[in-house]
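**Student:** Got a structure for you, written out below as structure tokens; questions coming shortly.
The values are calculated or read from the model by the stated rules, or taken from the named source; none is laboratory data. If you're wondering where the values come from, they're calculated on a predicted model, not measured in any experiment. Note that each Cβ is placed from the backbone with ideal geometry, even for glycine, and that neighbours are counted across all protein chains shown. Keep in mind that these areas ignore ligands, DNA and RNA; they rest on the heavy atoms of the full protein, side chains included. Shrake-Rupley method; radii C 1.70, N 1.55, O 1.52, S 1.80 Å.
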Amino acid sequence: MSHLLREGSRAVWLCGLSRLIALLIIAAGISTGQTPANRTSATYEGTNEDFANPERGFYIQRSFNPARPTADSGALTESDLQAAQERHMTLVRMLYLLRDYREAPIPEELVTRLAADFSRARKAGVKLIPRFSYSSAIGQPGASLERILAHIGQLKPVLQANADVIAFFEAGFAGAWGEWHSSTNGLFNAGPGVRWPQVNERTRAILDSLMDVLPPDRMIAVRCPRFKWGFFGEEPLNAKTGFSGTPKARTGAINDCFLASPNDSGTYTERMAEEKAFYHQDNLFVPQGGETCSAGPAAQPYITCANALKEMEYLRYTTLNIDYHRNVLAEWEKGGCMAEIRRRMGYRFRLLESRMPERVRPGGAFEMSFIVSNDGWANLYNPRPVEVLLRHKESGRILTLTLSEEPRLWMPGEKRTVEMQAGIPAAAPAGLYDVLLRLPDPAPSLKNRPEYAIRFVTDSGWEPAAAANRLRGAVRVDPGVKSSQFSGKQWFQ
């Protein structure tokens, strides 16, 4: 009998202990699958909608030849930009042909023309991918290294003044079409009849000059993996070396014969498997751009939807030319994969969940978390802040907090949980506040432009006027809330 009494007492004691532990967990806000008191949780559904987002996706291309009559020069026009926006594109690759200036300085009127292109792009809400060349066909002569470096020096002021609307820069200047092949002027190491040579100290001088001319947060893409290997070795970027601002971390990739043959018309060597594995890792931290170039017999096995999707995902494609090769693009339309390619090139941020307090007092702590998934093939390559906005529903007054969060590390195929805590100013007006997430362009000239802010691909409310994504739920600033004074360093402004 006493044994049964002891067992019964033990069961009552364990039951009470379990209840106590459960209460302590809830009070501490530890996740139990439920939202703690005074906190709201919201989930979000994804969408397959195709809409514009900055610095990613298909681009239109224009080739500017100053020697042609104005009406046929290929200059960037407002109608070009409007057409790009209507097709949900935010990028234009501009090819500038300097053939008439192989032995002369760039005339001032061409520099002025370049500045006008940047201004026109900024007004339209797009960014440019510039490339300069002296040749528009294999066999045409190029410029000397001295002339190239002098031209880069001439371009420095206009490039620096307009870096806000440069997505990234293609190395150019050497070889046919500025693609770093078929060079006629000794800028590469090559034997007789070798079309795809190796880089040397002269080629490195071009890259170094461009690194100096462009701001340290802008990247430069080179044509083949062997070129980046020649400059920096075969070790790809990683979480420590990526986005470090070094020349290696600023050197991305372009492939202007994507899927054209087994080795993409010489883009890859006999070490193709190793080179693609390098891109698979390296392109987590730099852009991969380019274009398709053939739908001929050699390309047929490779331009199919099944292979194109596999290659673009593995190599982490950020952007491609919508104008070339049109037969390849038609194959993707026919095969039914074009919609997925449009959606998944570059980053594609999907909001999954958010949690926030229902009420907080002035001077108290606002704690929030959200989960975001990157459903794209690549990620951000240019820096960008993450901001939380609290907007008073009646007055429209906005409190802003910039998080210590790096969205360039929201990697493709991964989910990221972001947690934050910050103080509400003691003078914040009482009332109900909307909560918004904003990923604006960091440039002051573009920061408040919705065309340059990132929109989540979810059913949360996109507000162009605020250039921000509105979350579900709201927080009430209430002086009657009993909580301690926030003692941290981060405060909403």
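**Student:** If the requirement is being outside any loop (DSSP other than H, G, I, E, B) and not small (Gly, Ala, Ser), which of these qualifies: Phe243, Phe278?
**Tutor:** Phe278
**Student:** Asp217 versus (1) closer than 23 Å to Met411 by Cβ; (2) open to solvent by less than 20 Å² (accessible area, probe 1.4 Å): which is the lone unmet condition?
**Tutor:** (2)
**Student:** Then there is this: How many of the residues in the stretch 337-358 are within 15 Å of Glu414 (Cα to Cα), in contact (Cβ under 8 Å) with a residue 40 or more places away in the chain and either within 14 Å of the chain's Cα centre (by Cα) or open to solvent by 10 Å² or more (accessible area, probe 1.4 Å) (or both)?
**Tutor:** Keep residues of the stretch 337-358 that are within 15 Å of Glu414 (Cα to Cα), which gives 344, 346-353.
Then drop every residue that is not in contact (Cβ under 8 Å) with a residue 40 or more places away in the chain, which leaves 346-353.
Subsequent filtering for residues that are either within 14 Å of the chain's Cα centre (by Cα) or open to solvent by 10 Å² or more (accessible area, probe 1.4 Å) (or both) retains 346-350, 352-353.
Residues in the stretch 337-358 being within 15 Å of Glu414 (Cα to Cα), in contact (Cβ under 8 Å) with a residue 40 or more places away in the chain and either within 14 Å of the chain's Cα centre (by Cα) or open to solvent by 10 Å² or more (accessible area, probe 1.4 Å) (or both): 7 in total.
**Student:** With respect to Ala295, determine if the residue is open to solvent by 30 Å² or more (accessible area, probe 1.4 Å) and out of contact with any Phe, Trp or Tyr (no Cβ under 7 Å at 6 or more places or on another chain). Walk me through how you get there before you give the answer.
**Tutor:** Values: open to solvent by 30 Å² or more (accessible area, probe 1.4 Å): no; out of contact with any Phe, Trp or Tyr (no Cβ under 7 Å at 6 or more places or on another chain): yes.
Spelling it out, it is not the case that Ala295 is open to solvent by 30 Å² or more (accessible area, probe 1.4 Å) and out of contact with any Phe, Trp or Tyr (no Cβ under 7 Å at 6 or more places or on another chain).
**Student:** Taking the conditions exactly as written (at pLDDT 90 or above, touching a Pro at 6+ places or on another chain (Cβ under 9 Å), open to solvent by less than 40 Å² (accessible area, probe 1.4 Å) and not in a helix (DSSP H, G or I)), does Tyr59 satisfy them or not?
**Tutor:** No; evaluated as a whole, the condition is false for this residue.
**Student:** Right, another one. May I ask you to list the residues in the stretch 103-135 that are in a loop (DSSP other than H, G, I, E, B) and free of Cβ contacts under 8 Å to residues at least 60 places away in the same chain?
**Tutor:** Those that are in a loop (DSSP other than H, G, I, E, B) and free of Cβ contacts under 8 Å to residues at least 60 places away in the same chain: Glu103, Ala104, Pro105, Ile106, Pro107, Tyr134, Ser135.
**Student:** If you don't mind, another one. Scan the stretch 178-205 for residues that are modelled with pLDDT of 85 or more and of a type in the set (D, E, K, R) and jot them down.
**Tutor:** Scanning the stretch 178-205 gives Glu179, Glu201, Arg202, Arg204.
**Student:** While we're on this one: Find all pairs meeting these conditions: Cβ atoms under 8 angstrom apart; at least six residues apart or on different chains; first residue within the stretch 281-309 and touching a residue at least 12 places away in the same chain (Cβ under 8 Å); second residue open to solvent by 20 Å² or more (accessible area, probe 1.4 Å) and aromatic (Phe, Trp, Tyr).
**Tutor:** Going by the 8 Å Cβ cut-off, the qualifying pairs are Phe285/Phe243; Glu291/Tyr324; Thr292/Tyr324; Cys293/Tyr324; Ala308/Tyr302.
**Student:** Check off (1) at pLDDT below 90; (2) touching a strand residue (DSSP E or B) at 6+ places or on another chain (Cβ under 6 Å) for Thr70 and give me the number that stays unchecked.
**Tutor:** (2)
**Student:** Filter the stretch 218-240 for residues that are of a type in the set (A, V, I, L, M, F, W, C) and not in a helix (DSSP H, G or I); which is nearest to Asn255 (Cα to Cα)?
**Tutor:** To start, the set of residues in the stretch 218-240 that are of a type in the set (A, V, I, L, M, F, W, C) comprises 219-222, 224, 227, 229, 231-232, 237, 239.
Then keep just the ones that are not in a helix (DSSP H, G or I); that gives 219-222, 224, 237, 239.
Details: Met219: 16, Ile220: 13, Ala221: 10, Val222: 9, Cys224: 7, Leu237: 19, Ala239: 24 Å.
Looking at the filtered set, the residue picked out is Cys224.
**Student:** Considering only the stretch 461-493, state which residues are assigned to a loop (DSSP other than H, G, I, E, B), surrounded by 16 or more Cβ atoms within 10 Å (Cβ to Cβ) and under 21 Å from the mean Cα position of the chain (by Cα).
**Tutor:** Ala466, Ala467
**Student:** Has the stretch 181-188 got at least one residue that is surrounded by fewer than 18 Cβ atoms within 10 Å (Cβ to Cβ) and in contact (Cβ under 8 Å) with a residue 12 or more places away in the chain?
**Tutor:** yes
**Student:** Do we find that Leu409 is open to solvent by 40 Å² or more (accessible area, probe 1.4 Å), of a type in the set (A, V, I, L, M, F, W, C) and under 16 Å from Leu284 (Cβ atoms) in this structure?
**Tutor:** Criteria met by Leu409.
**Student:** Right, here's the next one. Only residues that are more than 16 Å from Leu315 (Cα to Cα) and open to solvent by less than 10 Å² (accessible area, probe 1.4 Å): list them for the stretch 220-241, please.
**Tutor:** The answer is Ile220, Phe227.
**Student:** Among Ile424, Ile398, which is among the hydrophobic types (A, V, I, L, M, F, W, C), surrounded by fewer than 21 Cβ atoms within 10 Å (Cβ to Cβ) and within 20 Å of Leu471 (Cα to Cα)?
**Tutor:** Ile398
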